[in-house]
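Take a look at the structure set out below.
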Amino acid sequence: MFDPDIAPSGTLLGLLQRGRGDGTLHALAAPRAEALAALNHCVLRDPRRDWQVENRSLYYARLYLDLDGGLDEIEQHLFHPDDLLDTAEERTGLALAVLGHLASYGRDDALTLLRRYAGTGANWAWALDELALRDDDAGLTALAERVLARFPFTPEGEAALAAAVRDAFEPRPWRLWAEDPHAPATAARVRAAQEQGSFDRWQRQLRPTGPRPGWSVREVLEWAQQGLDQYPAQLRHIPATRCLTAVAGPEDRGEIIEAAAFGAEAARATALRYLAEHHDPQALDLIETAAADSGELVAEAAVTAFERMRSTAALERARVWIHRTDALGAAAAGMLACRGGPYDSALVLAALRRTVRATGCDAPVLWDLVDGAGRMAITCAAPVLRHVYRETSSSHLRGRAARALAATDPSFAAGFAVECLWDCEESTRELAARHATTADARVEARLRRLAADPAEEAEVQTAVRSRFEPDAPAV
């Protein structure tokens, strides 16, 4: 995860970086050269705050199709000398995913680029996964020799090959190569790698390094601390909490409370999580003290432990802590937003406004606060929700803001819901398909295009079809 440089939301580049529906609409209305320049900037410099969960590839691929954009700049990016130096997936992953979608739409130039990159590029495994979904058997079979040439005939090379086969996201190419009668040597090598991967998993199961039956509370806490003391450090307080649940009894409560108050960092974090999960009467006081600790692990574990609590006592304490300006105050605001009653709406609204004003539209707690505003139907939160929708760089948070607006803003159906039909996130497009007013001339045409698009998600198409049923409600 990294922090990208995002342009202002009112610019074409800023809209496209955020994956907003208005980005596509503005790009189609802008001069073609300007729109393609902004589009290439996004694809070559991934703008997502969390590239592993946010969607952009289908959004950008569709815009390439609408603009009839060439792939020269993507080609230069993929085969630039930097590819030999910067092998991180996030440098080329978005471009490869876009090529995958373009290949599924019938762009042969995209398919050719993927084949070339799978044979020579640093992020070849991603390209191979894209081809596994789109290429035919002959195209995949032709890649076998170049891919396997990456792994020398040494013990280290065979181990790396076994790991690549074992960890492949899409196994189809490896299965084809293992069964290829025209390349018996290649097939035998791939089969051996498949067997080695299965053997490695079995070996790891036979050599567990964690707690054993019969361990005491003290031994579990020591195991957690030993992980933190290693180099590189291993954070074991979460699995150690589960182990503690298995070995601790009522007679161990005093020892665990002492560890939560005065123990070493990892032991203290483990004990705090255990006491919170078991709703111990002293857990909340210990959490309040630990949240102010100078140790990052202890403070973070205290806040996380509180967030996981589901007791009435925790909810009551959240109403006290929500006015704090630290991480514990943010956790309290999130808890009230998720679990509070109608009488907590004023506190949630105040926290929402305060958070946006103090930390902007990308604060982590906004996810819960935005959801809470929608769940509680706080209609006077609509202006700040609209601001979050426009300004956040997270497409997931924007989708949550859209759902909250659907519950709080009467103008949503004729406003943001229309642009959401072009949004990068499938859940946001699904929401728009259910709410967007057909009084806007663009809506019906867009709904029909989504219904006919083979790349569109099934949930979106189901929502679209529901709008065309005879008894569908008019919006």
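The values are calculated or read from the model by the stated rules, or taken from the named source; none is laboratory data. The shown structure was predicted, so the numbers you read here are calculated from the model rather than taken from an experiment. When we count neighbours, we look across all protein chains shown, and the Cβ atoms used for this are built from the backbone with ideal geometry, even at glycine. Heavy atoms of the whole protein, side chains included, go into the accessibility calculation; ligands, DNA and RNA do not. Shrake-Rupley method; radii C 1.70, N 1.55, O 1.52, S 1.80 Å.
Data table
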quantity: Top-ranked residue of the range 328-346 - restricted to ones that are surrounded by fewer than 19 Cβ atoms within 10 Å (Cβ to Cβ) and in contact (Cβ under 8 Å) with a residue 12 or more places away in the chain, ranked as farthest from Ala269 (Cα to Cα); calculated: Pro342
quantity: Condition met for Val443 (over 28 Å from the mean Cα position of the chain (by Cα) and either more than 20 Å from Leu63 (Cβ to Cβ) or part of a helix (DSSP H, G or I) (or both)); calculated: yes
quantity: From the options Ala407, Ala433, Ala402, residue that is surrounded by fewer than 24 Cβ atoms within 10 Å (Cβ to Cβ), on the phi < 0 side of the Ramachandran plot and in contact (Cβ under 8 Å) with a residue 24 or more places away in the chain; calculated: Ala407
quantity: Inter-residue pairs, beta-carbon under 9 Å, first closer than 25 Å to Arg308 by Cα and in contact (Cβ under 8 Å) with a residue 60 or more places away in the chain and in the range 223-239, second in a loop (DSSP other than H, G, I, E, B) and open to solvent by less than 90 Å² (accessible area, probe 1.4 Å), 6+ apart; calculated: Leu228/Gln234; Leu228/Arg236; Leu228/Ala264
quantity: Looking only at the range 213-252, and only at residues there that are farther than 13 Å from Ala269 by Cα and hydroxyl-bearing (Ser, Thr, Tyr), the one that is most open to solvent (accessible area, probe 1.4 Å); calculated: Tyr231
quantity: Considering residues of the range 253-286 that are part of a helix (DSSP H, G or I), touching a Lys or Arg at 6+ places or on another chain (Cβ under 9 Å) and open to solvent by 50 Å² or more (accessible area, probe 1.4 Å) only, the residue nearest to Gln230 (Cα to Cα); calculated: Phe262
quantity: Filter result (among the charged types (D, E, K, R) and free of Cβ contacts under 8 Å to residues at least 24 places away in the same chain) within the range 146-166; calculated: Glu156
quantity: Helices (runs of 4 or more DSSP H) within the range 303-403 that include 1 or more residues more than 20 Å from Ser427 (Cβ to Cβ) and hydrophobic (A, V, I, L, M, F, W, C); calculated: 312-321, 327-339, 345-359, 382-391
quantity: Selection within the range 64-102 - outside any helix (DSSP H, G or I) and either of a type in the set (Asp, Glu) or open to solvent by 50 Å² or more (accessible area, probe 1.4 Å) (or both); calculated: Asp68, Phe79, His80, Pro81, Asp86, Thr87
quantity: Any hit, the range 146-158, residues being hydroxyl-bearing (Ser, Thr, Tyr), in a helix (DSSP H, G or I) and modelled with pLDDT of 90 or more; calculated: no
quantity: Any hit, the range 362-375, residues being of a type in the set (Gly, Ala, Ser) and farther than 20 Å from Ser411 by Cα; calculated: yes
quantity: Checklist (1) open to solvent by less than 10 Å² (accessible area, probe 1.4 Å); (2) touching a Ser or Thr at 6+ places or on another chain (Cβ under 9 Å) applied to Gly374, failing item; calculated: (1)
quantity: Which numbered condition Arg56 fails, given (1) within 17 Å of Asp5 (Cα to Cα); (2) out of contact with any Cys (no Cβ under 6 Å at 6 or more places or on another chain); calculated: (2)
quantity: Residue tally, condition within 18 Å of Asp229 (Cβ to Cβ) and either open to solvent by less than 10 Å² (accessible area, probe 1.4 Å) or in contact with a Ser or Thr (Cβ under 7 Å, 6 or more places away or on another chain) (or both), over the range 287-304; calculated: 2
quantity: Answer residue from the range 103-132, given it is among the small types (Gly, Ala, Ser) and part of a loop (DSSP other than H, G, I, E, B) and is surrounded by the most Cβ atoms within 10 Å (Cβ to Cβ) among those; calculated: Gly121
quantity: Conditions (1) closer than 20 Å to Glu222 by Cβ; (2) at pLDDT 95 or above; (3) among the hydrophobic types (A, V, I, L, M, F, W, C): number failed by Phe306; calculated: (1)
quantity: Residues located in the range 155-193, provided they are touching a Gly at 6+ places or on another chain (Cβ under 6 Å) and open to solvent by less than 60 Å² (accessible area, probe 1.4 Å); calculated: Ala162, Val165
quantity: Of all residues making up the range 338-359, the number that are within 25 Å of the chain's Cα centre (by Cα) and not aliphatic (A, V, I, L, M); calculated: 4
quantity: For Thr428: the one exception among (1) surrounded by fewer than 20 Cβ atoms within 10 Å (Cβ to Cβ); (2) closer than 26 Å to Val43 by Cβ; (3) of a type in the set (S, T, N, Q); calculated: (1)
quantity: Residue match in the range 411-424 (condition: open to solvent by less than 10 Å² (accessible area, probe 1.4 Å), more than 20 Å from Asp22 (Cβ to Cβ) and among the small types (Gly, Ala, Ser)); calculated: no
quantity: Candidate set from the range 133-148 (those that are among the aliphatic types (A, V, I, L, M) and over 16 Å from Arg191 (Cα atoms)); member that is most open to solvent (accessible area, probe 1.4 Å); calculated: Leu133
